[in-house]
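Everything on this sheet refers to the single structure shown next.
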């Protein structure tokens, strides 16, 4: 009993040199092998909108007398640009709850660590005044730097140009998730490029980054979990647990699962109004390789119509929420393999 109570629980670097290749994908339907390949070289990939059309003003004033140092103005300028780049990002409503959590986690890390390239920040001091002036961004240089970085990301993603669609969706995601920080950075910077030009239009993007982005979403949309009890006496929990997992957006099925959820659940405390469940959870791949495991104790109210046989819906909902959180953390850890 005591053993069951014990719980388990990219930076990107900026380069200024322009990339010389445009990458695309050849996806041969749903054949057993899909290939991302290079297209003819294009040494001068230009932004779709001329830099002279950029209309967003990116300026920060510094004045030591007002307590605003150059460094503080620089931080404010970076924050201003981060907020600008995050405006009008495509909605994530089409993502499953699991995929949305993972992308939000990865995307937040990308945005929080991003800073303006040094070469795009212009310093202007008042004549004869060392403590007052302004910082502003050269939008022409920033557009060039962003385009260069987008090209660089596509070149980095060429390492993933070959992949097999054989195996479980989890096995395929293990190969793709290390590229997710680069993909999220690409989408964010591409949106920033549009925002610099005050453009809300989203043009079709056939870059390698976006093709891989769509492939990852397909894998998550088809991700399946199968339930398997540890002992015959807990088989009666299966339908209730499946319902709780589905309420969290997880798909439960016994057909071609990507993960097998082995569970043991028992009531450790109960009264007329509430129930405490002790759960022992192990998720493993169909190959029997353990993916992760944890123990949890949840307490929830009993419904008025409970006949004494059904477990607390609230307690199982809390267990399902914890499982979704644990699964998110485990998959996010797979994205950190890319440096």
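Values computed for the structure shown
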{"read-out": "Residues located in the range 288-298, provided they are over 21 Å from residue 224 (Cα atoms) and part of a loop (DSSP other than H, G, I, E, B)", "value": "none"}
{"read-out": "Residue within the range 165-174 that is modelled with pLDDT of 90 or more, part of a loop (DSSP other than H, G, I, E, B) and surrounded by fewer than 16 Cβ atoms within 10 Å (Cβ to Cβ) present", "value": "no"}
{"read-out": "Any hit, the range 292-299, residues being crowded, with 17+ Cβ neighbours inside 10 Å, closer than 16 Å to residue 236 by Cα and assigned by TED's automatic domain parsing to the domain that holds residue 232", "value": "no"}
{"read-out": "Some residue of the range 239-248 being more than 31 Å from the chain's Cα centre (by Cα) and surrounded by fewer than 16 Cβ atoms within 10 Å (Cβ to Cβ)", "value": "no"}
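The values are calculated or read from the model by the stated rules, or taken from the named source; none is laboratory data. Please read all numbers here as calculations on a predicted model, not as lab measurements. With ideal geometry, Cβ positions are generated from the backbone for all residues, glycine too; neighbour counts draw on all protein chains shown.
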